[in-house]
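Below is one structure, written out as structure tokens, with a few remarks after it.
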Amino acid sequence: MAEADRPWEVAAPFGLLAELTHRCPLHCPYCANPIQLTPRADELTTAQWKDVISQAHAIGVVQLHLSGGEPLARADLPELAFHARSSGAYVNLVTSGVGLTRERALLLADRGVDHVQLSLQDADAGPADYVAGARAHQCKLAAAKAITGAGLPLTVNIVLHRGNIGRTARIIDLAVALGADRVELANAQFYGWGLLNRSTLLPTRDQLDASLVAVEQARTRHAAAGRGPHIVHVVSDYYAGRPKPCMDGWARRQLTVTPSGDVLPCPGASVIRSLPVENALRRPLAEIWYDSEAFNAFRGTGWMSDPCRSCPSRHEDFGGCRCQAFHLTGDAARTDPVCRLSPDRALIDSALAQAGGLPQADHVMRTPPVADARTASEGR
Amino acid sequence: MTTGPTAAVGPAPAPRLGPGVRFTHDAARAADLLLLPEKVLVLNTTAAAVLALCDGSRGLDEITAALKDRYEHVNRQDVIDLLARLEQHRAVAHG
């Protein structure tokens with residue numbers, strides 16, 4: 001495809017991230033949900049979610065991530081899982097584990113859930129519950145047992161940040177002991193809540209280096225003990241010189257639907273206020289994927305300016321993350337500031353220079369809008 | 001899991017699909033797909049033929065023999081290399 005002839009080629013999406021609800025019993029200060037959380041009253045109904053899932057299948061989606069908030073807060077979760085699986089899609093449940101009893105795990109397995117991603121906050125209940133703002137750690141240990149007991153493959157997800165990165169080795173050991181086939185360690189990303197808390201979450205270079213060693217040692221330790229889980233480690237892009245290929249390119253492989261039906265190219269994209277927001281209740285998913293201004297805004301390379309425009313890596317990293325560019329510079333079309341070639345790289349370097357400066361007590365915890373606080377705390 | 005050179009890792013003795021991995025045909029794309037927890041692999045004909053035989057009961061020799069029954073020019077080393085690559089993707093595991 002010559003860029004001059006056709007600015008981009010749009011292929012069918014592979015994945016849908018369905019944020020079923022923003023309700024969650026946890027209050028993690030690095031939550032990937034937007035600051036403006038959707039209240040329960042604005043959530044799509046069961047029938048509306050089923051329609052979204054069917055439309056997604058029709059345009060090529062073969063992988064459905066049922067996420068939140070806490071998706072278990074939706075009583076219709078088994079019904080939605082069954083609907084998705086009936087279309088042939090791979091059904092991945094992304095959960096905190098709070099409320100995931102043995103019975104519910106068995107029911108979800110029976111309804112066609114293929115795989116579960118369970119979050120852990122830390123190796124011990126004390127610091128884990130502190131950062132979650134809830135007594136959740138013990139529930140998670142029980143949930144892991146319920147998941148593996150139901151025969152479901154388990155990935156344990158951990159967000160690493162300054163407060164827990166020193167315990168990387170013990171966190172991995174716990175995940176392995178819980179029966180995880182995969183352990184996914186991801187350094188906190190700095191959008192939304194994470195950006196609000198960047199000064200208390202960003203690890204120091206020394207902490208990061210120590211965790212890299214800890215991960216390598218854990219790989220050796222657990223490989224030697226048997227088959228060993230797959231340990232995936234995603235390092236903060238702040239410490240990389242080049243940007244990550246965010247979402248494998250804007251609106252290239254995946255789409256996100258929020259609790260109220262907003263359709264986004266990535267879960268963070270609602271921050272880019274310069275783009276019109278599409279909604280599944282107002283426009284067919286196919287039209288949004290192929291024809292909407294928001295989805296086409298950063299496809300291809302035509303939107304780029306230098307240094308991206310002439311960069312040989314532009315087809316591999318796609319200029320990095322559009323949300324990060326918007327968050328830090330106010331212009332979503334600029335080069336991701338984490339790139340060493342970006343004229344805005346000083347924004348990242350100054351944050352790194354301050355890493356380690358504030359005590360952990362300064363977290364801004366994730367909280368729902370005041371009017372919604374009661375329904376959220378009712379949880380499931 | 002170490003990630004050494006693929007030749008040294010070698011294929012599992014009786015490979016089967018890894019945990020949480022599903023093999024499917026996608027009518028919309030007219031392609032065989034491998035669905036994994038965090039990714040989707042679009043399979044070429046060779047990979048699809050090999051994966052269809054990875055049920056945990058066949059060893060490398062049986063897989064190669066079954067392929068030779070159906071296709072010409074089946075090379076054992078190619079099968080070994082393909083299985084090693086799939087193992088690195090965590091698409092196949094030990095039987």
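The values are calculated or read from the model by the stated rules, or taken from the named source; none is laboratory data. Treat the numbers as computed from the prediction; the structure is a model and nothing was measured. Quick reminder, even Gly has a Cβ in these numbers, built from the backbone with ideal geometry, and neighbours come from all protein chains shown. Accessible surface areas use protein heavy atoms only, side chains included; no ligands, DNA or RNA. Shrake-Rupley method; radii C 1.70, N 1.55, O 1.52, S 1.80 Å.
Condition first: of a type in the set (A, V, I, L, M) and farther than 15 Å from A:Arg221 by Cα. Now tell me which residues in the stretch A:181-190 satisfy that.
First, pick out the residues of the stretch A:181-190 that are of a type in the set (A, V, I, L, M): A:183, A:185-186, A:188.
Hits for the stretch A:181-190 are A:Leu185, A:Ala186, A:Ala188.
Of the residues A:Val116, A:Val98, A:Val159, A:Val131, which is touching a residue at least 60 places away in the same chain (Cβ under 8 Å), of a type outside the set (Gly, Ala, Ser) and closer than 21 Å to A:Pro229 by Cβ?
Details: A:Val116 fails: touching a residue at least 60 places away in the same chain (Cβ under 8 Å); A:Val98 fails: closer than 21 Å to A:Pro229 by Cβ; A:Val131 fails: closer than 21 Å to A:Pro229 by Cβ.
After applying the criteria, what remains is A:Val159.
For the structure I just gave you, tell me whether A:Ala223 is within 14 Å of chain B (Cβ to nearest Cβ), assigned to a helix (DSSP H, G or I) and small (Gly, Ala, Ser).
Judged against the criteria, A:Ala223 is a match.
Quickly run through the stretch A:231-243 and pick out the residues that are within 14 Å of another protein chain (Cβ to nearest Cβ) and either surrounded by fewer than 19 Cβ atoms within 10 Å (Cβ to Cβ) or within 19 Å of A:Cys308 (Cβ to Cβ) (or both). Answer for the stretch A:231-243, where residues must be within 14 Å of another protein chain (Cβ to nearest Cβ) and either surrounded by fewer than 19 Cβ atoms within 10 Å (Cβ to Cβ) or within 19 Å of A:Cys308 (Cβ to Cβ) (or both): A:Val232, A:Val234. One residue is enough: does the stretch A:302-316 have a residue meeting the conditions in contact with a strand residue (DSSP E or B) (Cβ under 9 Å, 6 or more places away or on another chain), open to solvent by 20 Å² or more (accessible area, probe 1.4 Å) and either assigned to a strand (DSSP E or B) or in contact (Cβ under 8 Å) with a residue 12 or more places away in the chain (or both)? The answer is no, given that none of the residues of the stretch A:302-316 is in contact with a strand residue (DSSP E or B) (Cβ under 9 Å, 6 or more places away or on another chain), open to solvent by 20 Å² or more (accessible area, probe 1.4 Å) and either assigned to a strand (DSSP E or B) or in contact (Cβ under 8 Å) with a residue 12 or more places away in the chain (or both).
Just the residues that are part of a helix (DSSP H, G or I) and touching a helix residue (DSSP H, G or I) at 6+ places or on another chain (Cβ under 7 Å), please, taken from the stretch A:152-172. Explain how you work it out, then say what you get.
Taking the stretch A:152-172 first, the residues part of a helix (DSSP H, G or I) are A:165-172.
Those that are part of a helix (DSSP H, G or I) and touching a helix residue (DSSP H, G or I) at 6+ places or on another chain (Cβ under 7 Å): A:Ile165, A:Gly166, A:Thr168, A:Ala169, A:Ile172.
Against the list (1) modelled with pLDDT of 95 or more; (2) open to solvent by 20 Å² or more (accessible area, probe 1.4 Å), the condition A:Trp289 fails is (2). The single condition from (1) within 19 Å of the chain's Cα centre (by Cα); (2) part of a loop (DSSP other than H, G, I, E, B) that A:Ser270 fails is (2).
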